[in-house]
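A.B. asks: Pasting in a structure now, in structure tokens, and then I'll have a few things to ask.
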Amino acid sequence: MSRRLKLAVTAGAVALIGMTIATTHAGSATQTVNSYAVKFNCGEYGKFLQATPAERLEGPVKPGDYQTVINVHNPQLSTPVDFKKKAILLFSGTKPINETNFEQPKQPGNLIGASLPPDFGMLIDCQDIRKVLLPGIPPAPTFIEGWVVFLVTGPAAGGAPLPLDVTAVYTSNGFNCVDTGCTTVTRNGFSEDLVVITPTTVTS
């Protein structure tokens, strides 16, 4: 093989390697994702517990009736925002239990696609969490708690994801035992809390 031919082959190989590297780099480009993680508490917990040592086991919350509503708003004036949502159930029950396995990781539910037109809003409450995000879990008034997560992905070519306005409102009341055996209870007090959710930026 002549020296000139060898140089031509070498130049072609270098060009091919360069194309391969460029293609691989383009195919593995990362995307920026805004993750909004919203805590939820829903349902009745410890409604008929008596104030006795046997029923004073610690639980995820104090005895009460809990509700959560999540408001999502697209602040864009002319651009829709596509996103995905999922829920992670961390606890389900009506009263404390003697735990034997601690700090067990819980897998999330299925990702569900959603979209908001410009300046539109969306409400997600406890009914949505039970019926849409976590179908098959115990119905109300069984207490559930965990996370609802919204994921907004940035453009494939790079750039920041479009923002959302995400706010959670939590309401609850306690229980009062009317009789000695706590077979009848009344609602006691009222609490409300509003939390504005700030996203965490991650890459995919």
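The values are calculated or read from the model by the stated rules, or taken from the named source; none is laboratory data. If you're wondering where the values come from, they're calculated on a predicted model, not measured in any experiment. Here the Cβ positions follow ideal geometry from the backbone for every residue, glycine too, while neighbour counts run over all protein chains shown.
A.B. asks: Restrict the check to the range 40-59 and report whether at least one residue is surrounded by fewer than 19 Cβ atoms within 10 Å (Cβ to Cβ), at pLDDT 95 or above and of a type outside the set (D, E, K, R).
C.D. replies: There is no residue in the range 40-59 that is surrounded by fewer than 19 Cβ atoms within 10 Å (Cβ to Cβ), at pLDDT 95 or above and of a type outside the set (D, E, K, R).
A.B. asks: For the range 92-105, state whether one or more residues are in contact with a Lys or Arg (Cβ under 9 Å, 6 or more places away or on another chain), within 15 Å of Val148 (Cβ to Cβ) and of a type in the set (Val, Ile, Thr).
C.D. replies: Let us first name the residues in the range 92-105 that are in contact with a Lys or Arg (Cβ under 9 Å, 6 or more places away or on another chain), namely 94-96.
Checking the rest, the ones that are also within 15 Å of Val148 (Cβ to Cβ) come to none.
Looking through the range 92-105, none of the residues is in contact with a Lys or Arg (Cβ under 9 Å, 6 or more places away or on another chain), within 15 Å of Val148 (Cβ to Cβ) and of a type in the set (Val, Ile, Thr).
A.B. asks: Could you check how many residues of the range 146-191 are under 16 Å from Pro63 (Cα atoms) and assigned to a strand (DSSP E or B)?
C.D. replies: Counting residues in the range 146-191 that are under 16 Å from Pro63 (Cα atoms) and assigned to a strand (DSSP E or B) gives 15.
A.B. asks: Assigned to a strand (DSSP E or B), β-branched (Val, Ile, Thr) and buried (at least 19 other Cβ atoms within 10 Å of the Cβ), is that true of Val202?
C.D. replies: Numbers: assigned to a strand (DSSP E or B): yes; β-branched (Val, Ile, Thr): yes; buried (at least 19 other Cβ atoms within 10 Å of the Cβ): no.
Against the criterion (assigned to a strand (DSSP E or B), β-branched (Val, Ile, Thr) and buried (at least 19 other Cβ atoms within 10 Å of the Cβ)), Val202 does not qualify.
A.B. asks: Still on this structure, I have one more. Condition (residue is part of a strand (DSSP E or B) and modelled with pLDDT of 95 or more) applied to the range 102-113: is it met by at least one residue? Full working, then the answer.
C.D. replies: Our first condition is that a residue be part of a strand (DSSP E or B); within the range 102-113, this holds for 112-113.
So of that shortlist, the ones also modelled with pLDDT of 95 or more come out as 112-113.
Yes, the conditions are met somewhere in the range 102-113.
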